[in-house]
Every structure is written in structure tokens, then in C-alpha cells.
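Please read the structure below before turning to the comments.
The values are calculated or read from the model by the stated rules, or taken from the named source; none is laboratory data. This one's a predicted model, so the numbers in the text were calculated from it and none came from an experiment. Virtual Cβ from ideal backbone geometry, glycine too; neighbours counted across all protein chains shown.
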Amino acid sequence: MSKPRVLVTRAVFPETIDKLKQHFDVEANTDDAEWSSEELIRRLQGKQGAFTTGSVKIDEALLAACPDLKICANMAVGYNNFDVDAMARHGVMATNAPDVLTETTADFGFALLMATARRITESEHFLRRGEWKKWSYDMFAGSDVHGSTLGILGMGRIGQGIARRGALGFGMKVIYHNRSRLDASIESELRASYVSKEELLKSADHLVLVLPYSPAAHHAIGAAELKQMKPTATLVNLARGGIVDDAALAEALRDRTIAAAGLDVFEGEPAVNPSLLTVTNVVLTPHIASATIPTRRAMADLAADNLISFLGGNGPLTPIVS
Ligand code: DGY
């Protein structure tokens with residue numbers, strides 16, 4: 001019997017390709033080219049499985065043009081690149097890569113929060129430009145992290161990892177808002193209190209966004225929300241571009257409506273709103289929150305294992321339940 005055929009749509013670890021080759025006839029995007037949707041459709045002809053990353057769009061038009069496709073396995077926990085309703089209509093299984101990146105992403109969330117609150121990149125740029133001539137009492141004075149109020153919007157696995165670090169590591173008061181409230185036992189373990197979105201915006205010294213993207217979450221943080229925050233507050237977006245109105249944020253940073261922001265994700269990335277590049281009180285990173293070698297390997301392994309299990313007739317390991 002011939003092996004199922006699988007397309008690996010972006011470059012990935014050679015070991016992952018070798019593993020897939022033990023089970024499938026594999027075509028891989030080894031030079032990591034950004035394929036157009038036409039190119040992707042052409043290469044998916046006759047393929048039963050696709051190994052995807054968050055930048056590869058799986059939509060109605062593609063699904064209609066690829067009748068052999070049975071599963072798309074995303075090497076990401078987020079899956080806003082998938083039209084999951086269209087996938088269900090076409091009988092295409094959708095899987096993601098949850099859990100394996102939780103702690104790494106929460107670590108990065110904290111790194112970005114610290115860098116933002118303590119103005120680390122801004123001060124490093126100053127030093128590299130040769131502008132450091134003397135000590136002064138308020139030079140790059142930022143805001144405290146320990147003992148402050150940490151606000152979390154979206155309290156899934158990564159949000160809980162950030163809450164744990166804040167409460168247990170930094171003695172922060174943790175408040176959160178989420179679609180649903182956590183069990184009392186988890187709230188007490190995390191020392192986290194549920195509040196309304198308005199209260200969260202008003203009270204947080206540091207607000208971290210970790211909610212999944214959905215059309216309802218589009219511009220959940222825009223000009224009106226930024227105005228409700230403290231002028232001393234910092235905002236960190238680890239979630240997805242589009243949840244923050246980046247143009248409104250750049251204006252709020254310029255006007256000091258809030259003190260600073262740290263962004264790992266952007267509307268329309270890898271493009272970055274040019275107005276964000278002109279403000280100094282923002283730390284910008286290129287969507288690297290899950291980027292450690294062990295975690296990226298675990299994410300790639302889980303996506304590969306979903307393909308192997310599902311196309312081997314044993315069901316998906318981590319199906320997307322939306
Ligand atoms: C995810 O897994 O959704 C991350 O954003 C990709 O690094």
C-alpha cells in the first residue's frame with residue numbers, strides 16, 4: 001500500500017522531516033519560501049496531510065481546491081490561520097500544539113514585561129549610541145514590577161503561567177478577566193481575582209494580553225480602552241496582532257496616555273505599523289515568545305505526531321475544539 005502524502009509548508013527541523021518520512025511520502029518547503037495561496041493549492045494536490053505554521057492560511061478557497069486533504073496540523077497553539085468552520089464543512093481535521101509551549105511563552109511574557117517596565121532596550125540603545133555621559137537620579141527610571149498589580153486578559157494555560165510567576169515570584173497582586181471564571185481552587189493557587197474588563201483596565205499596573213484571537217477580540221484594546229488605563233501602566237501583547245489597535249497604541253505611547261508597551265505580535269505581521277517604530281517607549285520583538293530550541297522541537301514533534309496518529313487511523317492527539 002502506498003504511503004499517505006504530506007506537505008510540510010514551511011522549513012522545520014530536519015529531524016521532524018526524517019520522522020515524517022518514516023510514515024509518509026513527504027514534500028517539504030526546505031528553503032522556507034513564502035508560498036502564495038495558488039502555489040500552496042498546487043502543492044497540496046493529492047496530499048492527505050499538511051504540516052502548517054501560524055502564517056499559513058487554510059481557508060474556504062484552499063479547502064475547496066484540495067479535495068484530498070484530510071488533516072492540517074499546526075505547529076502553534078494559536079490557530080487563527082485556520083478557518084475552522086470551513087475545515088469542519090470539508091471534513092478536514094484541524095490540530096494545534098498546546099501545552100508544550102506554555103512555560104516557555106510565560107517566561108517570555110515576563111521577560112517582555114520586565115524589559116518594558118524597566119526600559120531595558122531603550123536604555124541599551126542610549127548606551128550603544130554613546131550618549132551615556134553621567135549618572136542622574138531619574139535616568140531611565142521605570143516602574144516597579146514586584147508588589148505591583150498584574151492584570152491578565154485571557155486566563156488560559158499561558159495566562160495562568162504568567163499569573164503564577166507574578167504572584168509567587170514577584171509578590172504581585174494578580175487580577176484577570178476571561179470569558180469564563182476559573183475554579184475557586186485554581187484562583188486560590190494562583191492568588192488571582194476575577195474582575196470586569198473595565199476594572200482590569202483601570203487597576204492594572206502591568207496588563208498582559210494572552211487571549212486567543214477571534215473576530216470578537218479584534219481591537220479589544222483600542223483608543224477607548226487605552227484611555228481607561230493608568231498613565232503609569234505598561235501593556236504587553238503576547239497574544240495575536242489585531243487584538244490591539246496598533247495605530248491607536250502608537251498614539252497613546254506618544255501622548256503618554258500609558259507609560260510603555262511590549263509587543264511580540266503585530267497586526268499584519270511581519271509588517272509593523274511604522275508609527276510604532278517612531279516611539280521609544282515600546283519594546284518590539286518578532287513573535288518569538290515560544291522560540292527556544294527545546295520548545296520549538298516539542299511543537300514540531302507534536303504537529304508531526306498528530307499527522308502520524310490521525311493518518312495512521314488512530315485519531316488526532318490534540319484536535320482543535322472551537
Ligand atoms: C503559537 O503557538 O500560537 C505561537 O504564537 C507561535 O509561536
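The residue that is farthest from the chain's Cα centre (by Cα), counting only those in region 4-34 that are among the polar types (S, T, N, Q) and assigned to a loop (DSSP other than H, G, I, E, B), is GLN22. Residues in region 90-110 that are farther than 13 Å from THR234 by Cβ, away from the ligand (no atom under 12 Å from the Cβ) and assigned to a helix (DSSP H, G or I): 3 in all.
Being in contact (Cβ under 8 Å) with a residue 12 or more places away in the chain, surrounded by 19 or more Cβ atoms within 10 Å (Cβ to Cβ) and of a type in the set (Asp, Glu) holds for only one residue in ASP205, ASP144, and it is ASP205.
Scanning region 111-132 for residues that are part of a loop (DSSP other than H, G, I, E, B) and more than 23 Å from the chain's Cα centre (by Cα) returns ARG129, GLY130, GLU131, TRP132. Taking every residue in region 216-231 that is assigned by TED's automatic domain parsing to the domain that holds ALA252 and pairing it with any residue that is assigned to a helix (DSSP H, G or I) and not small (Gly, Ala, Ser), at least 6 positions away or on another chain, the pairs with Cβ-Cβ distances below 6 Å are GLU225/LEU201; GLN228/LEU201; GLN228/LYS202; MET229/LEU201.
Once region 299-322 is narrowed to residues that are polar (S, T, N, Q) and more than 23 Å from PRO212 (Cβ to Cβ), the residue that is surrounded by the fewest Cβ atoms within 10 Å (Cβ to Cβ) is ASN314. Does any residue of region 40-52 turn out to be exposed (fewer than 13 other Cβ atoms within 10 Å of the Cβ) and at pLDDT below 95? Among the residues of region 40-52, not one is exposed (fewer than 13 other Cβ atoms within 10 Å of the Cβ) and at pLDDT below 95, which makes the answer no. Just one of (1) in contact (Cβ under 8 Å) with a residue 12 or more places away in the chain; (2) outside any helix (DSSP H, G or I) fails for VAL321. It is (1).
Residue by residue through region 30-78, note down the ones that are within 22 Å of SER214 (Cβ to Cβ), more than 16 Å from the ligand (Cβ to nearest atom) and touching a residue at least 40 places away in the same chain (Cβ under 8 Å). Across region 30-78, there are no qualifying residues.
Checking each residue in region 275-306 for being under 20 Å from ARG256 (Cβ atoms) and in a helix (DSSP H, G or I) picks out SER275, LEU276, LEU277.
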